[in-house]
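Visitor: Quick one: structure below, then a few questions.
Read-outs: derived from the displayed coordinates by stated rules, not from any lab. Here the structure is a predicted model, which means the values were calculated and not measured. Every residue, glycine as well, gets a Cβ built from its backbone with ideal geometry; the counts of neighbours run over all protein chains shown.
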Amino acid sequence: MKKLKIGVIGAGSISTLHLNSYLSNKNVELLAICDLNEKRAEEKAKQYNIPEVYTKYQDLLNNPEIEAVSICTWNNTHAEISIKALRAGKHVLVEKPLCKTVEEALSVEEAVKTSNKVLQVGFVRRYATNTRLLENFIKAGELGEIYYAKASCLRRLGNPGGWFSDIERSGGGPLIDLGVHIIDICWYLMGKPKVKSISGNTYRKLGNRSNVKNLSFYQAADYDATKNTVEDMANALIRFENGASLYVDVSFTLHTKESEKISVHLFGEKGGAEIEPQLSIVSEKHDTILNITPQVDNLSFDFVKGFQNEIDYFVECCQNGKEVLSPVEDGVEIMKILCGIYESASKGKEIYFD
């Protein structure tokens with residue numbers, strides 16, 4: 001099979017997961033990398049033996065040899081680069097979130113419709129082994145109707161700073177960075193119900209807690225402790241038209257015991273499931289409640305394996321016309337939820353969707 005020629009736009013930390021995954025796919029040729037920081041782009045090019053280096057993404061898109069791109073840039077550039085890439089005839093894998101606003105998301109959706117190209121949104125948890133396994137149980141009706149989900153991702157000292165803490169570039173804090181993952185996986189496994197209303201809250205009480213000593217945490221390449229314009233905590237109750245509901249809370253900074261605690265639970269009429277921190281299923285047979293632990297590898301979410309599965313899936317979609325698992329339409333709906341939470345928090349009241 002002819003190798004798919006890939007260009008990666010953005011050479012920051014998340015690009016490493018894309019690059020490693022592409023490198024492990026025998027049907028891929030890494031042809032180009034682009035970053036505003038030329039030195040960083042050149043370092044990645046040398047590390048991964050990538051022949052072409054760019055500092056302007058438009059120049060990369062003008063390369064006719066490149067067939068598909070990964071967009072690993074700031075959130076505020078996702079929509080613009082995605083649209084221009086599609087118009088340049090490239091397939092697109094864009095990191096989550098799809099963009100910053102619903103209006104941008106709709107513009108990307110329109111570009112996809114007119115391009116006849118693949119666009120895959122980087123909802124990496126959909127591609128994880130534990131997710132795909134749980135899907136089999138859900139599709140077989142083992143959980144019955146899923147009417148409630150609860151998801152949490154709480155960090156006590158986890159504001160990476162840099163662009164993550166700059167609302168102009170990121171669009172928000174832990175909600176749009178961490179919440180997007182756990183909201184999406186719940187919504188996806190619940191059958192992607194239509195949103196009816198959202199009641200949300202955001203808080204800026206602790207800031208980035210740069211005063212804390214003797215505890216290390218991930219810092220963005222452009223970390224600056226003096227700059228922080230995003231929320232440090234958010235929560236929301238999301239109601240769906242089918243009567244189901246989802247409760248979510250997320251934080252960069254919070255007075256909580258663990259450095260990070262992630263939990264994702266689904267509850268149905270016939271059974272329930274915990275997908276994070278480790279997959280387990282609750283069932284009821286013969287008037288007896290059963291706690292089921294599947295006997296498989298990768299019961300917990302594995303970022304490296306998840307990204308490999310995501311990249312492999314994207315390559316198949318580009319080469320073989322396989323149906324996209326995380327299409328632009330889903331990116332639009334998740335943006336509606338994220339922006340709805342921010343809007344509800346800003347207005348101090350529940351908001352409703354038509």
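Visitor: With everything on Cα atoms, drop me the angle between helix 38-48 and the longest principal axis of the chain, reported from 0 to 90° to the nearest 10.
Guide: 80 degrees
Visitor: By what distance, in whole Å, do the Cα atoms of region 112-230 stretch along each of the three principal axes, largest value first?
Guide: Between the extreme Cα coordinates on each principal axis of region 112-230 lie 51, 37, 31 Å.
Visitor: What do you get for the angle between helix 303-320 and the principal long axis of the chain? Use alpha-carbon atoms, 0 to 90 degrees, nearest ten.
Guide: Taking Cα atoms only, the helix is inclined about 60 degrees.
Visitor: With Cβ to Cβ distances under 15 Å as the rule, what net charge do the other residues near N25 carry (K, R +1; D, E -1)? Before the final figure, lay out the partial values.
Guide: Values: positive: K2, K3, K5, K26, K305, K322; negative: E29, E67, E310, D312, E316.
Residues near N25 contribute +1 overall.
Visitor: How high is the relative contact order of the chain, in percent, counting Cα pairs under 8 Å that sit 6 or more residues apart?
Guide: 21 percent
Visitor: Towards the positive end of the charge dipole of region 105-199, with charges on Cβ (+1 Lys, Arg; -1 Asp, Glu), say which of L189, L178, V121 has the farthest Cα.
Guide: About the Cα centre, the residue reaching furthest to the positive side is L189.
Visitor: Taking one equal scatterer on every alpha-carbon of region 1-154, how large is log10 of I(q)/I(0) by Debye at q = 0.11, 0.15 1/Å?
Guide: Each listed q maps to, in turn, -0.50, -0.83.
Visitor: Once all Cα-Cα distances of region 67-166 are split into 10 Å bins that start at 0, what whole-number percent is in each one?
Guide: Values per bin, smallest distances first: 13, 32, 28, 24, 2.
Visitor: Let me have the relative contact order for region 197-255, percent, based on Cα pairs under 8 Å that are six or more residues apart.
Guide: Working: 74 pairs, mean separation 25.7, N = 59.
Computed over region 197-255, the figure is 44 percent.
Visitor: Rounding to the nearest 20 debye, state how big the charge dipole of the chain is about its Cα centre with +1 on each Lys and Arg Cβ and -1 on each Asp and Glu Cβ.
Guide: Details: 42 positive and 47 negative charges, 78 e Å.
Result for the chain is approximately 380 debye, rounded to the nearest 20.
Visitor: To one decimal place, what Kirkwood hydrodynamic radius in Å is obtained for region 275-316 from all pairs of distinct Cα atoms?
Guide: Computed over Cα pairs of region 275-316, the Kirkwood hydrodynamic radius comes out at 12.4 Å.
Visitor: Which GluC sites (Glu not before Pro) in region 154-241 pass both tests, a DSSP loop state and at most 12 other beta-carbon atoms within 10 Å?
Guide: Within region 154-241, the qualifying GluC sites (Glu not before Pro) (loop, at most 12 other Cβ atoms within 10 Å) are E241.
Visitor: Further question on the same structure: Distance from the Cα centre of region 236-311 to that of region 84-103, in angstrom?
Guide: When both Cα centres are located, 28 Å separates them.
Visitor: To the nearest Å, what is the center-to-center distance of region 8-43 and region 143-202, using C-alpha atoms only?
Guide: First find each Cα centre; the distance between them is then 27 Å.
Visitor: Still on this model: Let me have the relative contact order for region 254-348, percent, based on Cα pairs under 8 Å that are six or more residues apart.
Guide: Working: 67 pairs, mean separation 11.8, N = 95.
With pairs under 8 Å counted, the relative contact order is 12 percent.
Visitor: Among T256, H91, Q308, which residue has its Cα positioned farthest towards the positive end of the charge dipole of the chain, with +1 placed on the Cβ of Lys and Arg, -1 on the Cβ of Asp and Glu, and the dipole taken about the Cα centre?
Guide: Toward the positive end, the furthest listed residue is T256.
Visitor: So for the chain: antiparallel DSSP bridges make up what percent, rounded to the nearest 5?
Guide: 60 percent
Visitor: Quick check on the chain: helices-only [θ] at 222 nm, where DSSP H runs of length 4 and up contribute -39,500 (n - 2.57) each and the sum goes over total residues. Nearest 500, please.
Guide: The per-residue figure over the chain is -10000 deg cm²/dmol.
Visitor: Can you check how the C-alpha radius of gyration of region 69-126 compares to 2.2 N^0.38 Å, as a plain ratio? Kindly include the intermediate steps, with their values, before the conclusion.
Guide: Working: Rg = 10.1 Å, N = 58, 2.2 N^0.38 = 10.3 Å.
Cα Rg divided by the expected 2.2 N^0.38 Å: 0.98.
Visitor: Please report Rg over Rh for region 205-297, where both radii come from the alpha carbon positions and Rh follows the Kirkwood definition. Can you show the working numbers first?
Guide: Details: Rg = 19.0 Å, Rh = 17.1 Å.
Rg divided by Rh gives 1.11.
Visitor: Please report, in whole Å, how far the alpha carbons of region 1-64 spread along each principal axis, starting with the longest.
Guide: Computed over region 1-64, the largest-to-smallest principal extents equal 33, 25, 17 Å.
Visitor: Taking the chain as the reference, fit the longest principal axis to its C-alpha atoms, fit the long axis of helix 328-347 to the helix C-alpha atoms, and give the angle between the two in degrees, 0 to 90, nearest 10.
Guide: 60 degrees
Visitor: Just subtract the alpha-carbon distance of R132 and L237 from 0.36 nm times their residue separation and send over the number in nm, one decimal.
Guide: Result for the pair: 35.2 nm of gain on full extension.
Visitor: Please report, to two decimal places, log10 I(q)/I(0) for the chain at q = 0.06, 0.12 Å⁻¹ as given by the Debye formula with identical point scatterers on the Cα atoms and no solvent.
Guide: -0.22, -0.91
Visitor: For a footprinting-style exposure proxy, rank V124, V92 by other Cβ within 10 Å, fewest first.
Guide: If I rank by nearby Cβ atoms, fewest first, I get V124, V92.
Visitor: Considering only Cα-Cα distances, which of the following residue pairs are longer than 22 Å: K270/K349; K46/K305; K194/K285; K2/K26; K270/K336?
Guide: K270/K349; K46/K305; K194/K285; K270/K336
Visitor: How would you rank T131, T256, going from fewest to most other Cβ atoms within 10 Å of each one's own Cβ?
Guide: On the way: T131 22, T256 14.
If I rank by nearby Cβ atoms, fewest first, I get T256, T131.
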